[in-house]
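Please read the structure below before turning to the comments.
The values are calculated or read from the model by the stated rules, or taken from the named source; none is laboratory data. Bear in mind the structure is a predicted one, so any value in this text is a computation, not a measurement. A quick note on method: Cβ atoms are made from the backbone with ideal geometry, for glycine too, and the neighbour counts reach across all protein chains shown. Quick note on the areas: whole protein, heavy atoms, side chains included, nothing else; ligands and nucleic acids left out. Shrake-Rupley method; radii C 1.70, N 1.55, O 1.52, S 1.80 Å.
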Amino acid sequence: GGGKADLVLVEVMADALPSAPGTQRIVKLYRHGIAGDLDVLTKVVQAGSAQIVHIFEHGVADGVRFEVMEYCPLGSLRVLLQQGPLSVDRIRDMVEQLTQGLSQVQALHILHRDLKPENVLVRSLEPLALVLTDFGIASLRMATQHFTGGARTTRYAPPEALIGVLDDKADWWSLGMMVLEATLGRHPFEGLNE
């Protein structure tokens, strides 16, 4: 469970999907009143990127917004970062993959707005395969700058997020903070309050 949604691990039944019985998936159930932007999710699904989590279905049922997505049992990038500084080769792989994913998202005029290690899933370790996830507060950018509310993870948000004006550079700042954390073995602002 989280502040905006609950995640449920489910197993596909043979009668529901004969081609993939026993396959595990994640169902994300948003809290009542949290709608998100279905246009963003539709664009993400249509992109079909290797660096974006596979979303098999999404919509609203009985007033609850949901997503059905691939299950990545290795967890998030946070698990890797908790093991201490990453090797130069591992950081290079991380940056290459996240740069590709972020570039593809931004080509769709989407601001992720909450890029952090918890929102990067590990599909495999050898070779390293990372995917972006959690587009719950992402938004479509209709102009050069985007005016937004305060929803964000402060430790990875750029300084301009404090005044609510973001552009594409905001997500790149977040990626940079993750690279620093991977290099140092700890967040560069560890111990500082908001």
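Does Leu102 satisfy being among the aliphatic types (A, V, I, L, M), within 23 Å of Leu125 (Cα to Cα) and either part of a strand (DSSP E or B) or touching a helix residue (DSSP H, G or I) at 6+ places or on another chain (Cβ under 7 Å) (or both)?
So Leu102 passes the test.
Taking Val120, is it touching a residue at least 40 places away in the same chain (Cβ under 8 Å) and more than 18 Å from Gly2 (Cβ to Cβ)?
So Val120 does not fit the description; no.
Which pairs have Cβ atoms under 7 Å, sit 6 or more apart or on different chains, and link a residue in region 77-97 that is closer than 17 Å to Asn119 by Cα and polar (S, T, N, Q) to one that is open to solvent by less than 70 Å² (accessible area, probe 1.4 Å) and modelled with pLDDT of 95 or more?
Gln97/Leu130
Against the condition touching a Cys at 6+ places or on another chain (Cβ under 9 Å) and open to solvent by less than 50 Å² (accessible area, probe 1.4 Å), how does Val53 come out, does it pass?
Yes: the conditions hold for Val53.
Is it fair to say Glu118 is open to solvent by 60 Å² or more (accessible area, probe 1.4 Å), part of a helix (DSSP H, G or I), in contact with an Asp or Glu (Cβ under 8 Å, 6 or more places away or on another chain) and at pLDDT 90 or above?
yes
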